[in-house]
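Contents: one structure, followed by commentary.
The values are calculated or read from the model by the stated rules, or taken from the named source; none is laboratory data. Keep in mind the model is a prediction, meaning the values are calculated, not measured. With ideal geometry, Cβ positions are generated from the backbone for all residues, glycine too; neighbour counts draw on all protein chains shown. Just the protein is used for accessible areas: all its heavy atoms, side chains included, with ligands, DNA and RNA removed. Shrake-Rupley method; radii C 1.70, N 1.55, O 1.52, S 1.80 Å.
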Amino acid sequence: VQGTGGSSAVSKCSAAARGYIQDPFLPLLVGRRRRRAPLVHRGYYIRARAVDHCVQDFLLKTQSHSRTQILSLGAGFDSLYFRLKDMGLLHHTVVYEVDFPNVACQKANLIKRMKELSALVGDTGGEGLGVITFSGEDYKLLGVDLSELSELERALEEAGLDNEIPTLFIAEVVLTYMQNSRSDALIQWAAEHFSRACFLLYEQIQPEDPFGRVMQQHFSQLNSALHSLAQYPDCEAQQRRFFEKGWTECSIMDMNEFFTCCTPEDEQQRVQALEPFDEYEEWHLKCSHYFVLTASKGMEPSWTPLLSNMTVPHHDGPVRMAGSINAAVCAMQSEISGLRRYGHRSLLIKPNVILTTGGFGEEDGQHCRMRNFHVLIKHSGYWKAGCVKNENPDKRWGERLYHTVSCLSNSLALVVGGRTSPSSAGLGMLWLKFSKTCNASDPDDIEVELVSLQPAAEPAALRWRHSTTEVIFKGEKYLFLYGGRSAMEPVLGDWYFLHTQELSCTVIPVEGPVPESRHSHSACSWKGGVLIAGGLGAAEQPLGSVFFLKELEHGFQWQIVETHPLLIPRYSHTAHVHDGKLLLVGGVWFHPSSVPGITVIDLMTGLCLEYTINVEHLEWPLMLHNHSSVFLPNEKELLIIGGGGNCFSFGTHLNPEPVSLSLSNILTSH
């Protein structure tokens, strides 16, 4: 448990070095420096932002009191006291910090050694007395085990804590490491013993969905299990907990809600522009698995720092599910590792033959950008997997992620866009040529050849997380290239019509309401036009709109597809059209009660039905984002290949095997 404190201090330090948070004191308290990934920086930024937001609100609301105090439980190497003191916010506030005795001693020694720190505190020499390892006029550092409540109480009394003045308790990922009976007792003790009290809690929720399972496993492997989760798995349970333990006011929000509602727009934009970033799914999943809670009692006026500065559609209860679909591991004849990947593309190149290209994944036990192609062939009820070596690792293939592949004939596909790293420019286009063998029964029968090309439309292709969809205009085939993002533009809303023969951009008039810019949306061909659904919009907010680009005599027209109930906003899903129904598969949404399964939209009536995916037959968490899916219309079978990603600092999870879903029950015409 002490190790988690050290590693989170290192992560906060790295975030401060990149400008996410302003904290000149943290580097003095944290010895080792490591540069963390942008995803980790954002995660620690939002944590620091939430705590600071609530602490400063407490100091502001209690200004009129002659004395107030802050008690930080399990403070570790946090720099809160020094930042507040430096900002001149502690005129009448004493800060008490409690942690394990050896942590408190280490911190006390650091403060004495560092002039910049000891000068701020002004040592009064009262330390070394029992549990008080450091004592300044407005700062006391105590070495006590929090789970021993009577000892804690004795130590705080000795240090001068006053239970009659406004007191803010802070527990930042601390209580969850204690047995629930002990953390509950601490929450209740704070409510009972202090007449005017506030409590600030930041920790994990949602343990049972795929991301939650990976998160739990990570902490268990560190030998620091998260005890709160079993009894308090969601925001409602945590809120009930505080009411039951004697607190009269309590508000709570997960970190997606906090970032959207309590972080000013200019600050959101500042953070989003700090470094190249392309892990939106994992950022939003991380934020949906942490919450900030504020509770109070006896406070006049009441303390409510989590009232949002904007009205956000609050999730009304759980998503209504129309039924469930069973997931089963694909019946495979041969084991192959190369299908553990994300950000790749899979397509049916001929009946029962699926080609998978690109992405980031696992090959020969190594995590890398995928260079080789993979083929799945269905033969007498079983799938055979094989690797197609990219013999001439064409520089222009570039080991790309988030590209698109469109089949233009039974021996030719066009690859458009994609990226290597998010800081580099998008990649252009290339042809994939494959052998014409129609009766391939073995992956080794398939050969794939890369053919470079320099089409006039190249600049249009320098993007990723876009879509390319076949449309028909005046009997001619075009690829409709839409949306995505580039190294310069975090979100694009433009489109191009690529003539499939010349690969040149053709101007075709388009009328109607223009969809808002988006990436990571889905796009399907339908009736000669395109259906666009969902995506991530300009403010990194998921979109719930569905548009149909309809072919007219003189051009195309955007039409809004009305759904009822309204489609829950999502992105990073895949989509297929079958028999007048649009199927959306997986993705990421902000709804806390469940993860997206299969959504079926009837394109005639607009009726929108949600189906959950039953994963009880899978032995591992099924992550349905950054995956690819292929629909086999004859069998009404959906194949999900790959998916997953870097789960914050909890490790990378890649779905280990392709998964099959039988959709015949939900697609039969009623």
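Some points to look at:
- Signed unit charges on C-beta, dipole axis of region 321-662, positive-most listed residue Phe497, His367, Val577: Phe497
- Charge tally in the Cβ shell below 14 Å around Thr574, where Lys, Arg are +1 and Asp, Glu are -1, Thr574 excluded: +2
- Gyration tensor (alpha-carbon) shape descriptor, region 321-662, a/c threshold 1.5: rounded
- Cα centre as origin, Lys/Arg/Asp/Glu Cβ charges: region 510-600 dipole, Debye: 240 debye
- The packing ranking of peptides 171-177, 549-555, highest mean first, is 171-177, 549-555, where packing means the average number of other beta carbon atoms within 10 angstrom of each residue.
- Taking other residues whose beta carbon is less than 9 angstrom from the beta carbon of Tyr139, and scoring Lys, Arg as +1 and Asp, Glu as -1, yields -1.
- Peptides 5-12, 93-100 ranked from most to least packed give 93-100, 5-12, packing being the mean of other C-beta atoms within 10 angstrom over each peptide's residues.
- Lys/Arg +1, Asp/Glu -1 at C-beta; the chain dipole; positive extreme among Gly544, Thr404, Phe194: Thr404
- Additional length obtainable on full extension of the chain from Ser334 to Leu667, 0.36 nm per residue less Cα span: 116.8 nm
- Only the Cβ atoms of Lys and Arg (+1) and of Asp and Glu (-1) were treated as charged; on that basis the dipole of the chain about its Cα centre amounts to roughly 1360 debye.
- Spatially, region 158-187 and region 240-276 are offset by 21 Å when compared through their Cα centroids.
- Spatially, region 588-613 and region 89-116 are offset by 51 Å when compared through their Cα centroids.
- Accessible area per residue for region 553-670 is 37 Å², calculated with a 1.4 Å probe on protein heavy atoms, without ligands, DNA or RNA.
- Measuring between their Cα centroids, region 616-670 and region 528-564 lie 25 Å from each other.
- 23 Å Cα-Cα threshold exceeded, pairs from Lys350/Lys477; Lys433/Lys550; Lys107/Lys245; Lys477/Lys636; Lys433/Lys581; Lys350/Lys474: Lys433/Lys550; Lys107/Lys245; Lys477/Lys636; Lys433/Lys581; Lys350/Lys474
- For the chain, carbon and sulfur atoms together expose 50% of the accessible surface, with a 1.4 angstrom probe and every protein chain in place.
- Electrostatic bookkeeping for Ala322 treats Lys and Arg as +1 and Asp and Glu as -1; over the other residues with beta carbon under 12 Å from its beta carbon, the sum is -1.
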